Structure formats: C-alpha cells, structure tokens
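The values are calculated or read from the model by the stated rules, or taken from the named source; none is laboratory data. Source: prediction; values computed, not measured. Every residue, glycine as well, gets a Cβ built from its backbone with ideal geometry; the counts of neighbours run over all protein chains shown.
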Amino acid sequence: MSEIKTLLNQSSHYFIGQVVIMAAGFISFPIFTRIFSVGDYGILGIMTTTVLIATAVAKLGLPGWIVQFYAEFKLNKRLDSFQSTILISSVGCAATVAIFFYVLGHLFRSKIFEKNIVNLIPLVSMIIFTSCTSDILTSFLRAEQRTKLYNLVAIIRRYGTLTLSILLALFIVKGLNGFYLGQILGGIMGLSLLIYISMKDRKISFSNFSIGVFKDSIRFGLPMVGGEMGHLILNYADRYLVQLYLGSISLGLYIAGYNLSTYVTEMLMYPINYAMTPIYMNILVKKGEEETRKFFTKAFRYFLMIMFALVFGFIAVGKDLIGILASSKYLEAYSILPYVVIGQSIYACSILLNSGLFIRRKTYIVTYIMLVACLVNIGLNMVLIPRFGILGAAQATLISNIFYTILITYYAFKEFSFPIDYPRIILYLCSSIVMYLSIKNVHLGGRVVNLISQIIIGIMVYSILVLLFDREIRENLLKYARSIKKRPGKKFI
C-alpha cells in the first residue's frame, strides 16, 4: 500500500527531527537543574505550562484546520483565499491573546502572583505571540508534506532558542529573566525565518481575506482549542497540585520523571501525528472510505509495533537513564516512570483511534470528552497525591488517560471505524514483554555500559521475535532488500 510507505517515509523524517529536538531536552535538563534554584526551576515549569495553555488559546485551533483541509482548498484552487485568511486572522488572534495575558497578569498581580512571576509576564506575553504565529506557519509546511523543511525549521528554532536562553541566563542577565529574554530572541529569529520561507511561495493580501473561510475555520477550530487545552490540563495540571500538596522538591522529582517519560512517547507520537493527517485526508478525498479504513488498520498496527518496544524498553532502562541524565539525587523519580509512560502511550493511541471525529468534523465531541477526562484527572490527583505522593499523581495520569482513550475511541468508532489486527498486536505485546525480561537480567557494571548493553540486547531480541512470527513484516523487509540489490549503480562522468 503506497500510502503506508508514504506514512513511514514522512514519519521517519519527523522521527529524526523529533529525536534531534528531544536531544535538546536531554541536554537542557541537567543544565537547568544546575543553573536555577529549586524554586526557580518550579517557576520555570509552571510558566512554561502557562505559555503552552495561552498559546493553545491564541492559535484558535487553526493548525488543525490548515492540515485537515489544505488538500481540499488546493484541489478547488482556492489556496490564495485560504492562506490569506488563516495568516491574517492568526496574527490578529496571537496579538490579542498576548496583550490580554499581559493586562490580566498585571491586574491581578498583587493578589495572585509572586513578585518574581509578575516580572516575567511582559516577557512571557511576547513569547506567546511568537510561538503562536510560528506554529501557524509551520502547519502549512506539514499540510504541504514538506517534512524535511519542517524538520530543519523546528531544529533551528529549538536549538537557537535553547542556546540563547542558556547563554543569557549564565553570562548576561542571570536567572529566569535572562532565560526568557533568550526565548524571545530565539522566537523572533525563528519567526523571521518562517516568514521569509512563507512569503516566497504565498500571495497574502487583505483582498483575499474570506469571511466565509474564517467562520468555517473558527467553527472547526474552537472545539480544537478546548481539546488542546484539555490535553495540556490533562498532562500538566498535576504539577500545580503536586506543588500545592507536596512542595518544590517533590515537584522537581515528579517533573524529572514525567519529562523523561514524555520524551519517549512524543518521539513516536508527534511524527505519526504530523505525517498522518494530510495522508489519510488525501486518501479519503481521492480513494474513498474503504481505502482509508485499510490505511488506518495497517498504520495502527505499525504504530503499536514500535510503541510497545519503546515503552517496555524505557521502563527496563529507566533507572540507569535517570542516573546518567539527572544524577543519583533524582533516582526516586523512577517509581513514577512505568505509570506515566504507559499512560502516555495509551493516550498516544488516540491520535489514530479518534480520527473518525475529525473526518466527520465533530471536533466538539473531542472537547467534551477531554473536559470530562480533565475533571477525572484533577479529582484523582486531589485524592491520590495526599495519600501516595508523586506516585499518586502518576497513577492519576494512567487512569485518566485510559479513561479518555476508551471514551474517545467509542465515540470516534461510531462515526468512522476500522478493523484492528488483534493477533499481530498481541504478538508485538508479548515480544515486548520478553524483551523487557531479557533487558532486566543484564547487569554489566557501570550505568553507561549497562544502558548501552541493554539497548542493544533489547533491539536484537525484539527484532528477532517480530521477524520470526510476523510473516508480513519479514516479506516486506525481504522485498525491500531485493529492491536495493536491483538498483543500478550510479554512473559518474
């Protein structure tokens, strides 16, 4: 199936980019924990979450609209109107939300915020604007399936911003003020690059602005705002509650374990998510629903084949990984890893399972379900954190993610379902468990040597089991190997 090859090809591009971007998180984590005090590190985490939530509001769900319907507007030769409407409206919305956040923060600064947080509000407002506008522009690259350019821009933005933030925080304007000044400078540079790329290929003018397109995008996008905010609340509200109930030290441990777990699931979740939507919408428009269902069946199976291996492998090597990246003082965070990474991986499955609601344009259902899941998550945290500490917060994450995924799948499959290949999925699950047991029995001394040995053994065990028992995967690899051998050698003049 050519679309599966396209998905794997484009997902591999996003995967490489995500690995490089994820590496920035591994690099910055031990640096931030050393240059900031525990209190400042807590403020950094909370302000970062606040920026994510404000940016989700400012985007008005437009990135989803762009990726979902770009192919349709292109087919109907209405791209000029589509692009002008989205870009003009997104800049206006981003500026409005940034100004509103700035004003709101100062109106209530004496009653709600500490002084050091208030001082960061003007800087954070500017970050909201640059982040929102940049996300809108990069969505066009996704919609056009320009995966390599998307990766390049994302990597430049991530590392440029990170480098500037660290340098300013260490040497020029020390502390969080320097960090956020670096974020602003990096954001402006990244936005300037995106504007240069975008304006080369697009005709943007107010005369092409369409009220009809704007209304349609808002109708589609507003429920997406609720869904995206719900996603953030579902994943980050527990940080506020851990701080409230347990204090900064426990919060630092929790964030350390949670962030490492998130890196693993996002490494697979985002590449698939970014690549998949333009592909399945193209299949739906050009080939119909039956071919789209076949595509989802294979895509979901391949997704789980990789996800199982990542999750069980990560749980097996997690303690050594924490010790290497964050030092021994964070080893206590290992206790939450299995709960968080399994919960996050179950949630990641929803990016394929909930596609029916997007195909039928019933995104409001996503918002309702996300709202209920958030309430469940907050309630569980309030019950479990006082009793079990950070382990309770991790357990709340697992339960609420299972709840959300079951509920969203039920409603999505009522709109658009696809067959699930249970025998092969069970095969991948069992192979992952065998791999986990094999890794856990590897003890070769130092953490670094042990970690490398476990990863190599894990890859070998899982690959052998999948190739041995999955005939389709084995045959596809053999076909690929034969096609490489048949390729003519390059001739040089």
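The figures follow:
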read-out	value
Tally, over segment 160-174, of residues that are surrounded by fewer than 17 Cβ atoms within 10 Å (Cβ to Cβ) and either of a type in the set (Asp, Glu) or in contact (Cβ under 8 Å) with a residue 60 or more places away in the chain (or both)	1
Test: residue in segment 319-327 that is of a type outside the set (Phe, Trp, Tyr) and at pLDDT 85 or above	no
Test: residue in segment 319-340 that is within 28 Å of residue 140 (Cβ to Cβ), assigned to a helix (DSSP H, G or I) and more than 19 Å from the chain's Cα centre (by Cα)	no
Every pair of residues 6+ apart whose Cβ atoms lie under 6 Å, when the first sits in segment 69-95 and is within 12 Å of residue 208 (Cα to Cα) while the second is not hydrophobic (A, V, I, L, M, F, W, C)	80/203; 80/208; 81/208; 81/210; 83/202; 84/205; 84/208; 85/210
Only listed residue being under 30 Å from residue 217 (Cα atoms), aliphatic (A, V, I, L, M) and in contact with a Gly (Cβ under 7 Å, 6 or more places away or on another chain), chosen from 372, 366	366
Failed item in (1) crowded, with 21+ Cβ neighbours inside 10 Å; (2) not in a helix (DSSP H, G or I), with residue 348 passing the rest	(2)
Of all residues making up segment 322-335, the number that are closer than 21 Å to residue 435 by Cα and surrounded by 20 or more Cβ atoms within 10 Å (Cβ to Cβ)	1
Selection count, segment 227-245, where residues are buried (at least 22 other Cβ atoms within 10 Å of the Cβ) and more than 15 Å from residue 377 (Cβ to Cβ)	1
Subset tally (residues that are crowded, with 19+ Cβ neighbours inside 10 Å, assigned to a helix (DSSP H, G or I) and not hydrophobic (A, V, I, L, M, F, W, C)) for segment 368-389	2
Some residue of segment 205-212 being of a type in the set (Val, Ile, Thr) and surrounded by 14 or more Cβ atoms within 10 Å (Cβ to Cβ)	no
From 111, 148, residue being more than 23 Å from the chain's Cα centre (by Cα) and modelled with pLDDT under 80	111
Check on residue 139, of a type in the set (S, T, N, Q), assigned to a helix (DSSP H, G or I) and modelled with pLDDT of 85 or more	no
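Residue by residue, here is whether (1) more than 30 Å from residue 359 (Cβ to Cβ); (2) in contact with a His (Cβ under 7 Å, 6 or more places away or on another chain); (3) part of a helix (DSSP H, G or I) holds:
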position: 399; (1), (2), (3): no, no, yes
position: 404; (1), (2), (3): no, no, yes
position: 410; (1), (2), (3): no, no, yes
position: 418; (1), (2), (3): no, no, no
position: 425; (1), (2), (3): no, no, yes
position: 453; (1), (2), (3): yes, no, yes
position: 458; (1), (2), (3): yes, no, yes
position: 472; (1), (2), (3): no, no, yes
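Per-residue answers, yes or no, for (1) surrounded by 12 or more Cβ atoms within 10 Å (Cβ to Cβ); (2) closer than 24 Å to residue 343 by Cα:
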position: 413; (1), (2): yes, yes
position: 421; (1), (2): yes, yes
position: 425; (1), (2): yes, yes
position: 443; (1), (2): no, no
position: 461; (1), (2): yes, no
position: 464; (1), (2): yes, no
position: 472; (1), (2): no, no
position: 479; (1), (2): no, no
